[in-house]
Amino acid sequence: MFTEKLQKVLARAGLGSRRQIEAWIQEGRVQVNRKTAVIGQRVSVKDDIRLNGRRVNSKRLQNQTRQIICYHKPVGEVCTRRDPEGRPTIFKNLPKLTAGRWITVGRLDINTSGLILLTTDGELANRLMHPSYGLEREYAVRVLGKVDEEMLTRLTKGVELEDGVARFEVIQQAGGEGANHWYHVTIKEGRKREVRRLWESQGITVSRLMRIRYGQVRLPAYLRAGHWAQLDKKEANDLLRQVDLYKKPTTNSDAQTKARFRHRQARS
């Protein structure tokens, strides 16, 4: 029977990122056939897998079609599934799933709007957020205050924040008049409020912030706030290539060649 590593199966089922699931396994929160699981343990869809004592539906463990969507988050919504303060959450506007769950690729704070990617594949979400892959995040930002060239140089060379040095990879002017000016800025990390904190380190106030790109995916011009759109095949494949998850589809001729090769091996 076909088996896979436990953390991979649970991540693909949308229960969390592989890193999160490995932490749960180490904490003893995952059981396989009523026994405490270990990292790297191989399982099949017929195994009794439980998280926090609750059995995971076997349908969720089967290979599901990976889904990726982009959502245009408006200001005022939060990225949590349930908010203790009762604020609106992005999940109320997402399409319903018959299996798995939507996992956000990074978050935006309540005062930031723009592009959020969501997927049913926990491993994909983890890789898209992991610093080792260096995916760029581009923001349109309106700032209030006088910005000079020396300030822009400091912001691209690096500024010491409370959690370490941070910088913009690129800063481009994007119009505006007087004290309110628009810039497009690009970062390669996803630290909390990083764009705002970088500008604030220079005494500049951010009056509006919108994410317009994540990796190669841009916020579609037609997508209204509070609405979602599914990535087309090319966009999805480009995204998978960026994090080494793209698998070239096997054609009939490829399958026939492999079958002949296995046949020759069997005869030799």
Helix 252-267 sits at what angle to the longest principal axis of the chain, using alpha carbons and giving 0 to 90 degrees rounded to 10?
40
Rounded to the nearest 10 Å², what accessible area does residue 91 have for a 1.4 Å probe in the complete protein model?
40
GNM on the chain, Cα springs under 10 Å; top mean-square fluctuation among 68, 21, 204 goes to 204
Mind grabbing the accessible area of residue 150 for me, 1.4 Å probe, Å², rounded to tens?
130
Can you give the extra length, in nm with one decimal, that the chain gains between residue 172 and residue 58 once fully stretched, where that is 0.36 nm per residue apart less the Cα-Cα distance?
36.1 nm
Whole-number D in µm²/s for segment 1-77 (Stokes-Einstein; Kirkwood sum over Cα pairs; 10 °C, 1.306 mPa s)
119
Among 128, 51, 198: highest mean-square fluctuation, GNM of the chain, C-alpha pairs under 10 Å
51
Helix-only [θ] at 222 nm, the chain, -39500 (n - 2.57) per DSSP H run of 4+, per residue, nearest 500, equals -7500 deg cm²/dmol
Given a 10 angstrom Cα cut-off, can you work out which residue in 42, 101, 213 is the most mobile in a GNM of the chain?
42
Expressed in nanometres to one decimal, the distance between label points 7 Å along Cα→Cβ at residue 191 and residue 93 is 2.9
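For segment 109-193, what is the accessible area per residue in Å² when the probe is 1.4 Å?
So segment 109-193 comes to 50 Å² accessible per residue, rounded to a whole number.
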Kirkwood Rh in Å, taken over segment 70-134 so that all alpha-carbon pairs contribute
12.6
How do 112, 98 rank by accessible surface area computed with a 1.4 Å probe, from largest to smallest?
98, 112
Any of 8/59; 8/92; 59/248 with alpha carbons more than 20 Å apart? Name them for me.
8/92; 59/248
Roughly speaking, what is the stretch gain from residue 85 to residue 65, that is 0.36 nm per residue apart minus the C-alpha to C-alpha distance, in nm to one decimal?
3.8 nm
Pop out the carbon and sulfur fraction of the accessible area of segment 35-161 as a percent, whole number, probe 1.4 Å.
47
Among (i) 57, 40, 35; (ii) 77, 46, 36; (iii) 52, 45, 33, which one is Cα extents along the principal axes in Å computed from these coordinates?
(ii)
Per 0.36 nm of contour for each residue apart, how much would the distance between residue 224 and residue 36 grow if the chain were fully extended, relative to their Cα-Cα spacing?
63.0 nm
Within segment 1-83, which chymotrypsin sites (Phe, Trp or Tyr not before Pro) sit in a loop by DSSP and count at most 15 neighbouring Cβ atoms inside 10 Å?
2
Computed over segment 30-71, Kirkwood Rh from alpha-carbon pairs, angstrom
11.7
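The values are calculated or read from the model by the stated rules, or taken from the named source; none is laboratory data. Since this is a predicted model, take the numbers as computed values, not measurements. Every residue, glycine as well, gets a Cβ built from its backbone with ideal geometry; the counts of neighbours run over all protein chains shown. We work out accessible area using only protein heavy atoms, side chains counted, and drop any ligands, DNA or RNA first. Shrake-Rupley method; radii C 1.70, N 1.55, O 1.52, S 1.80 Å.
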